[in-house]
1. In the set 136, 121, which member is in a strand (DSSP E or B) and either over 20 Å from the mean Cα position of the chain (by Cα) or modelled with pLDDT under 95 (or both)?
2. Mind listing whichever residues of segment 222-241 are more than 28 Å from residue 199 (Cβ to Cβ) and touching a residue at least 40 places away in the same chain (Cβ under 8 Å)?
3. What single numbered condition from (1) part of a loop (DSSP other than H, G, I, E, B); (2) modelled with pLDDT of 85 or more fails to hold for residue 54?
4. I want to confirm something. Restricting to segment 146-168 and keeping residues that are in contact with a helix residue (DSSP H, G or I) (Cβ under 8 Å, 6 or more places away or on another chain) and without any contact (Cβ under 8 Å) to a residue 24 or more places away in the chain, which single residue is surrounded by the most Cβ atoms within 10 Å (Cβ to Cβ)?
5. Taking segment 172-195, which residues are touching a helix residue (DSSP H, G or I) at 6+ places or on another chain (Cβ under 8 Å) and assigned to a strand (DSSP E or B)?
6. Would you confirm, using the coordinates I've provided, whether residue 211 is more than 20 Å from residue 22 (Cα to Cα) and not assigned by TED's automatic domain parsing to the domain that holds residue 65?
7. Using the structure shown, decide if residue 83 is under 19 Å from the mean Cα position of the chain (by Cα), outside any helix (DSSP H, G or I) and in contact (Cβ under 8 Å) with a residue 40 or more places away in the chain.
8. Being in contact (Cβ under 8 Å) with a residue 12 or more places away in the chain and surrounded by fewer than 12 Cβ atoms within 10 Å (Cβ to Cβ): is that true of residue 124 here?
């Protein structure tokens, strides 16, 4: 846990938070470990105590650490692994719910909107064409897990009008309702995972302070029917500090 902090162009508080975020993510700092005091941090990083405190506040907001009166700042237990759209779809087919263990969803909004350029490109339509957008936030005991958006071709609004209503769907995910109403089932899924520094819009959706500097995971999933036609395009923004964990069998 020793070593000279790396120099970069981020604000001092973001560099400090990033340093300890990396130590927590790598496992070098474990749940229950204590971080240095604010005074010690300020001395080590040659910043004011206010800057050091802001760095710790950012980690608290990300649910990576917690302040314990009279003790200090403690590393929290690892949050639940971030689920991909495909994993939520699989979970829903078995349980009729996309929630992971300990999760709940809130902030369900939906409506017919003009397609952004990047979404239009995936759906094979023109920018500005109508598209159904459904959004919600997944949370667990540590805070926000991810902000999830489903982009659905406008043609499905007639067969499944509830897709464009701002309420949690009943009876499964949007893909389940589409399959029952139209007979078009998912036969192929294409998943992608990327990382980026959170944009202003990302910070807003993840309910973080506007000047926060943090890396986030972006998971996208394209769901295709037997004819190769897109049924839904999902985009999940993982909150800072969230990780992806998968397990597979090794065949011998």
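The values are calculated or read from the model by the stated rules, or taken from the named source; none is laboratory data. What you see is a predicted model, and the numbers here were worked out from it, not measured in a lab. Positions of Cβ are generated from backbone atoms using ideal geometry, with glycine treated the same way; all protein chains shown enter the neighbour counts.
1. 136
2. Hits for segment 222-241 are 225, 226, 228, 229.
3. If we test residue 54 against (1) part of a loop (DSSP other than H, G, I, E, B); (2) modelled with pLDDT of 85 or more, just (1) comes out false.
4. In this case the residue turns out to be 160.
5. 189, 191
6. When the stated conditions are applied, residue 211 does not pass them.
7. Against the criterion (under 19 Å from the mean Cα position of the chain (by Cα), outside any helix (DSSP H, G or I) and in contact (Cβ under 8 Å) with a residue 40 or more places away in the chain), residue 83 qualifies.
8. Answer is yes for this residue.
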